[in-house]
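Engineer: I have a structure here, written as structure tokens, and I will follow up with some questions on it.
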Amino acid sequence: MPFLELKSLVRNFGGLKAVNGFSLNLEEGSLNALVGPNGCGKSTLFNLITGVLKPDAGRVIFKGQDITGWPPHSIARLGIGRKFQVPAIFDELTVRENLIVAGKRSNTLPLIPEILQQIRLVELADALAGELAHGQKQWLEIGILLAQAPSLILLDEPTAGMTSLETRATADLILNINQKRNITVLVIEHDMGFIEYLGCPLHVMSKGKILKSGDFATIREDAEVKALYFGQSREPADA
Ligand code: ADP
Ligand code: MG
């Protein structure tokens, strides 16, 4: 049984088919990357998985349970954590306090020192979150996710705006989360160097569904994928 089953998901906005028959199975403990041109429906897909949006058709099955259309808090409680493009942290609290707030509910307070190490913020544990650098805020948000003890993490462009050093550190963090904590991870990312470094299966999305899946080397040489990336700069907003 797959850990997460996405079955023929559809979501329309007016006449726009943002997600249009998206299917994917994720195995427990796996790491997968999702790429695709701007506007192809990646973030909408995450909204369908996390219950922020309800699909017009299709099913979301998590650990064998049909969670389609459940409210976001119920889905989060099942152990599905999601990182947004803009970090959701408390600026007025310290780094450690942010983790404590997140960890209280899940009884993960003993894990906080280890999480601080993983997200490279040990030395800044008592600094105000609002004063962190951009990349460090992104890591803190990943730390907050870890403190909530999820079994599946969805990351939406976690390296946006990062330097190349920060990007590499983020890739190491994701590998570490996946391998050491056995957390299943699905990451949306634009940076192909980042995905190559992760060395994980890659799924290319176009017009609301998967165009191709495979390993990085295969996908990079794929003619349809090349056409998608180099033949046009944006998805046509067709109805
Ligand atoms: P991606 O994350 O791949 O860049 P999105 O999922 O954000 O793409 O968006 C897919 C399409 O759906 C885009 O054309 C976008 O403008 C549209 N869209 C996304 N969210 C909404 C919404 N809440 N209302 C209307 N249109 C939306
Ligand atoms: Mg997006």
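Engineer: Rounded to the nearest 5, what % of DSSP beta bridges with both residues in the chain are antiparallel?
Structural biologist: 55 percent
Engineer: Which residues' amide hydrogens lie under 5 Å from the amide hydrogen of VAL187, considering only partners 5 or more residues apart or on another chain, with H built in the peptide plane?
Structural biologist: The answer is ASN32, ALA33, LEU34, LEU155.
Engineer: Further, regarding this structure: Output ³J(HN,Hα) for segment 25-35: one whole-Hz value per residue in order, computed from phi by the Karplus curve 6.51 cos²θ - 1.76 cosθ + 1.60 with θ = phi - 60°, and x for Gly and Pro.
Structural biologist: Ordered by residue, 3J(HN,Hα) equals 10, 10, 7, 4, x, 7, 10, 9, 10, 10, 10 Hz.
Engineer: Quick one: if the Förster radius is 22 Å, what FRET efficiency do LEU78 and ASN25 give, using the C-beta to C-beta distance and rounding to 0.05?
Structural biologist: Details: r = 17 Å, r/R0 = 0.79.
Given R0 = 22 Å and the Cβ-Cβ separation, E is 0.80.
Engineer: For segment 177-201 and segment 32-79, write down the distance between their C-alpha centroids in whole Å.
Structural biologist: If we compute the Cα centre of each part, the gap is 19 Å.
Engineer: Now for a different question. Roughly to the nearest percent, how much of the accessible area of the chain is carbon and sulfur, given a 1.4 Å probe?
Structural biologist: That share works out to 52 percent.
Engineer: Another one. So what is the relative contact order of segment 139-234, in percent, for Cα pairs below 8 Å that sit 6 or more residues apart? Spell out each step's value before the answer.
Structural biologist: Working: 83 pairs, mean separation 20.0, N = 96.
So the answer I get is 21 percent.
Engineer: Accessible area per residue, 1.4 Å probe, Å², for segment 177-221: what's the number? Walk me through the numbers on the way to the answer.
Structural biologist: On the way: 2030 Å² over 45 residues.
With all protein chains present, segment 177-221 gives 45 Å² per residue.
Engineer: Averaging sequence separations of C-alpha pairs under 8 Å and six or more residues apart, then dividing by the length of the chain, give the relative contact order as a whole percent.
Structural biologist: Rounded, it is 27 percent for the chain.
Engineer: Can you tell me which of 142-151, 110-119, 205-214 comes out highest on packing, and rank the rest after it, using the mean Cβ neighbours within 10 Å?
Structural biologist: Values: 142-151: 21.9, 110-119: 17.2, 205-214: 18.7.
The packing order, highest mean first, is 142-151, 205-214, 110-119.
Engineer: Also, quick follow-up: Would you count, across the chain, every pair of lysines whose alpha carbons are under 12 angstrom apart, provided the pair is eight or more residues apart or spans two chains?
Structural biologist: 7
Engineer: Report ³J(HN,Hα) in whole Hz for each residue of segment 127-132, in order, from the Karplus equation J = 6.51 cos²θ - 1.76 cosθ + 1.60 where θ = phi - 60°; Gly and Pro get x.
Structural biologist: 3J(HN,Hα) across segment 127-132, in whole Hz: 7, 5, 4, x, 8, 6.
Engineer: So, one more: Above 27 angstrom, tally the Cα pairs of the chain and express them as a % of all pairs, no decimals.
Structural biologist: Pairs farther apart than 27 Å: 35 percent.
The values are calculated or read from the model by the stated rules, or taken from the named source; none is laboratory data. Since this is a predicted model, take the numbers as computed values, not measurements. Note that each Cβ is placed from the backbone with ideal geometry, even for glycine, and that neighbours are counted across all protein chains shown. SASA here: full protein model, heavy atoms, side chains in, ligands and nucleic acids out. Shrake-Rupley method; radii C 1.70, N 1.55, O 1.52, S 1.80 Å.
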